[in-house]
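Below is one structure; the comments refer to it alone.
The values are calculated or read from the model by the stated rules, or taken from the named source; none is laboratory data. Nothing here was measured: the structure is a model prediction, and the numbers come from that model. Cβ sites come from the backbone with ideal geometry, for glycine too, and all protein chains shown count toward neighbours. Note: accessible area is taken over every heavy atom of the protein model, side chains too, but ligands, DNA and RNA are not part of it. Shrake-Rupley method; radii C 1.70, N 1.55, O 1.52, S 1.80 Å.
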Amino acid sequence: MQYYSLQHTAPRVDFRTATIQGQAPDGGLYFPESIPQLPASILNNLAGLSREALAYEVIRPFVGDTIPEDELRRIVAETIDFPIPLKQVYDGVYSLELFHGPTLAFKDIGARFMSRCLGYFARDEKQPITVLVATSGDTGGAVASGFHNVEGVRVVILYPSGKVSSVQEKQLTTFGDNIHALEVDGNFDDCQQLVKRAFKDTELTSQLFLTSANSINVARWLPQQFYYFFALQQWNEKQPPAFSVPSGNFGNICAGMMAWKAGLPVSHFIAACNANDVVPRFLETGDYEPRKAIPTISNAMDVGDPSNFVRILELFGKDRNQLKTMLSSYRTSDQRTRELIRSMYQQHAYLPDPHGAVGFDALADWIRQHPGQKGIVLETAHPIKFLDVVEPVIGQPVPVPASIEETLTKTKNATQIAADYSKLKDYLVYSNPF
Ligand SMILES: *Cc1c(COP(=O)(O)O)cnc(C)c1O
């Protein structure tokens, strides 16, 4: 499988190069040159395959011959080494719980897969790889956990001081070993600017093998197809489900659409958005107008110019009318999100996180317009990650899952730096632990 740049001026590359580069040299996102179709023998027998066997079949064509079969089977098995249950919340509405991984959010799946692929590719590189990433919260933890103790790779994570939740900060700063947390005196944009400058600094990139781990990387994007297949393995309704996906950069929902193109039965996709509503507006008006992100309580979705949306357009030949046959999009306010968290907890004994709540609201909106349809919400994070929002709404403490109790007792270990590029550069060059 070859990948082309959506800017169309960079050479085609294989999965290995696309993973190591992250973004094409012309600034475009990589896109597979064809969409592999799964054979009917698999599609008609989803529940008959193990999760590992199914995930392997899904990803194999995308990886091509860049990773041998036994290695890829191991990588896939390690990636999905936790349950992903489908739970009925009320009649016709289900929750696909993607938060049972180590950092309690769906980004674990993409980050675990990518880290293991990069670890495999690093074996053949003469130089160790530095993964440099800026985070507003969830990405950093998933990347830190995914790359912890991966040989030949060190990870440097920049996060804005005082602007991530307490649980998120612990997840970023307590791994140690090859994971280095930089607490930046600034906001998320400052962190992102610093990272962008590092990648453009040829003096630095000639000394260090730098790569990023952001959500546009094909090795993070493509394995997100796995759990759409796992959902169908557990689906006992007669008609295919609609999927409602809480969306920020639109990588998660775009992976679902790839799964559908590969043959997975899906009735419709619903992009659930908060006040950051560029995509709902685009579907209504045809005008795509990026904006500055508006802060909300579902902050992992505070994106004003979703980077993966170009991939969705590519899947539908850039035709908005075609796209609308398969995609709807709704926006939900913070007030409505809080109301929904409360009412789902009280009426259905189910506690969504703020992102999931936006997803449940969007699915309910769509079902009102399509009576009798049934659907699945991708519950993207555990409510404990957003306890500052959730606890006041339900007026009760959220029980801490056993899997993170230990992390919460560990001591934070971060290096404070000013939002000043020369400081970051010094750190990267002189603290080089290899
Ligand atoms: C990252 C994130 C999202 C948004 O996912 P995209 O793939 O960027 O659309 C939604 N919910 C949570 C909890 C997240 O961490």
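For the reader, a short list of remarks on this structure follows.
- Cα coordinate range in the range 340-434, projected on the principal axes (Å, largest first): 61, 30, 24
- Peptide ranges 355-365, 5-15, 264-274 listed from the most packed, as the mean C-beta count within 10 angstrom indicates: 355-365, 264-274, 5-15
- All other residues whose Cβ lies under 10 angstrom from that of ALA418 are scored, Lys and Arg at +1 and Asp and Glu at -1, for a net of -2.
- Alpha carbon centroid spacing (whole Å) that separates the range 119-146 from the range 148-219: 8
- Ordered from largest to smallest accessible area (heavy atoms of protein chains, 1.4 Å probe), the residues SER431, SER41 come out as SER41, SER431.
- Karplus-derived 3J(HN,Hα) values for the range 5-12, using 6.51 cos²θ - 1.76 cosθ + 1.60 with θ = phi - 60°, are 7, 5, 8, 6, 10, 10, x, 6 Hz; glycine and proline are entered as x.
- Ratio of the Cα radius of gyration of the range 352-402 to 2.2 N^0.38 Å, where N counts its residues: 1.36
- Contact order for the range 84-169, expressed relative to its length and based on alpha carbon pairs under 8 Å spaced 6+ residues apart, stands at 27 percent.
- Under 19 Å of direct C-alpha separation, and excluding same-chain neighbours fewer than eight residues apart, LYS318 reaches these lysines: LYS261.
- The residue list ILE59, SER161, PHE147 was ranked by how far each Cα lies along the charge dipole of the range 58-182 toward its positive end, using unit charges on Cβ atoms, and SER161 comes out on top.
- Spacing of the modelled spin labels on GLU406 and ASP124, each 7 Å from Cα toward Cβ, amounts to 3.5 nm.
- 3J(HN,Hα) couplings calculated from phi for the range 92-106 with the Karplus curve 6.51 cos²θ - 1.76 cosθ + 1.60 (θ = phi - 60°) are, in sequence order, x, 10, 10, 10, 9, 7, 9, 10, 9, x, x, 10, 6, 8, 5 Hz; Gly and Pro show x.
- Placing unit charges on the Cβ atoms only, positive for Lys and Arg and negative for Asp and Glu, gives the chain a dipole magnitude near 440 debye about its Cα centre.
- Set LYS170/LYS292; LYS292/LYS410; LYS107/LYS292; LYS200/LYS385; LYS238/LYS324 screened for pairs whose C-alpha atoms are more than 31 Å apart: LYS292/LYS410; LYS200/LYS385
- Here the translational diffusion coefficient of the range 68-136 follows from Stokes-Einstein with Rh set to the Kirkwood radius across Cα pairs; for 20 °C and 1.002 mPa s it amounts to 150 µm²/s.
- As a calculated quantity, the FRET efficiency between ASP91 and ASP305 at R0 = 30 Å, using C-beta atoms, amounts to about 0.20.
- DSSP loop GluC sites (Glu not before Pro) with at most 13 other Cβ within 10 Å excluded, longest remaining stretch of the chain: 238-434
- DSSP finds beta bridges in the chain, and of those with both partners inside it, around 20 percent are antiparallel.
- Bins of 10 Å from zero: percent of alpha-carbon pairs in the range 290-350: 17, 34, 30, 18, 1
- Bins of 5 Å from zero: percent of alpha-carbon pairs in the range 1-135: 2, 9, 14, 17, 20, 18, 11, 6, 3, 1, 0, 0
- Taken along the Cα-to-beta-carbon direction at a fixed 7 Å, the label points for GLN193 and LYS292 span 1.3 nm.
- Reference-scaled alpha-carbon Rg (2.2 N^0.38 Å with N residues) for the chain: 0.93
- Spatial separation of Cα centroids for the range 18-36 and the range 298-376, in angstrom: 27
- Length gained when the stretch ASP26-ALA40 is fully extended (0.36 nm per residue, less Cα-Cα span): 1.2 nm
- Subtracting the Cα-Cα distance of GLN239 and THR9 from 0.36 nm times their residue separation leaves 78.5 nm of extension gain.
- For the pair ARG281 and ASP177, the difference between a 0.36 nm per residue extended length and the Cα-Cα distance amounts to 32.9 nm.
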